[in-house]
Every structure is written in C-alpha cells, then in structure tokens.
1. Give me the distance between the Cα centres of segment 93-133 and segment 1-48, rounded to whole Å.
2. If you take the square roots of the eigenvalues of the alpha-carbon gyration tensor of the chain and sort them as a ≥ b ≥ c, do you get rounded (a/c under 1.5), prolate (a/b over b/c) or oblate?
3. Given points 7 Å out from each Cα along the Cα-Cβ axis, report the LYS78 to ARG33 separation in nanometres with one decimal.
4. From the phi of every residue in segment 76-93, what ³J(HN,Hα) in whole Hz does the Karplus formula 6.51 cos²θ - 1.76 cosθ + 1.60 yield, where θ is phi - 60° and glycine or proline is x?
5. What is the gain in length, in nm to one decimal, between ALA89 and ALA128 on full extension, counting 0.36 nm per residue of separation less the C-alpha to C-alpha distance?
6. What's the exposure ranking of ILE15, ILE118, ILE41, ILE87, going from fewest to most Cβ atoms within 10 Å?
Amino acid sequence: MTNFRIGEAAELLGISADTLRRWVDGGRLPAGRDEHGHRVIDGADLAGFARERAAEVEGLEGSSARNRLRGIVTAVVKDTVMAQVDIQAGPFRIVSLMSREAADELDLQVGSVAVAVIKSTTVVVERADKQTK
C-alpha cells in the first residue's frame, strides 16, 4: 500500500499543501497517521479523489479527449503559416504546434490562460519512484 504525505499528495493534485490540509480537516479526503504522527493519505483514496476532481472539469462532455492541462501561455512564436505556443501547466511545459490561423482565432497571447487538450494513441508511462533526480 502506498501512502503519501500531505505535501506529496498536494503536489500530485496540483494544489497547495494548505488547501489539501483544509480538505482533509473538512472531511473531503480521508487521512491517517504514519508511525511518526504525520498525516498520510492512502494512494487508492488519493487516486479516487483525483478521478472525482477530474470529472468535475468542464468540457468533458462532447469530447473524447480526457487529458486536459490548464496553464498560462508563456510564449507564442508565429510565422506566416504556423505558430508554436508554449503553456506552463504547473511544473509541466506543453508545446503545441498549430496553424497561425488557429492561434490568431484563439487570440493566444503571453499571459493568457489556455487549456492543452491532449489526445494520443501513444503515451509513455514511467514509474516516478524509479527515476533519479
């Protein structure tokens, strides 16, 4: 069984540790204590909670894409035909190549909020605990 400390769980959910503590204190997410008295959240409970939160995201109806990362536009580079748009979604940098026409129609500018919607037949999954930092 995998348990996550409050800070780890908050990072996985993309929220602050203080917000997660308030949710735990309010009974929104169950937590226990480890052998040192620190609050921990069971991995299965955290996964279920993350699924419920994801289901609350607007726009899931009418689209087969389920991978959505909301962030801030950090760069827009356009030429006559194409545009490269960089989005910082939490700790993740997403780079999208699109037509210049699409970027213009969306009025994508540095500092605006955008959602990267990802639909892919190939997704590489790595175990985070097996990587070296």
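1. Measuring centre to centre over Cα atoms gives 28 Å.
2. prolate
3. For LYS78 paired with ARG33, the spin-label model returns 5.9 nm.
4. Per residue, the Karplus-derived 3J(HN,Hα) values read 9, 10, 10, 10, 6, 10, 10, 9, 10, 10, 9, 10, 9, 10, x, x, 9, 9 Hz.
5. 12.2 nm
6. ILE118, ILE15, ILE87, ILE41
Each reported figure results from applying straightforward, stated rules to the coordinates on display, with no laboratory input. Just so it is clear, the model here is predicted, and its values are computed rather than measured. Please note: Cβ atoms are built from the backbone with ideal geometry, for glycine as well, and neighbour counts cover all protein chains shown.
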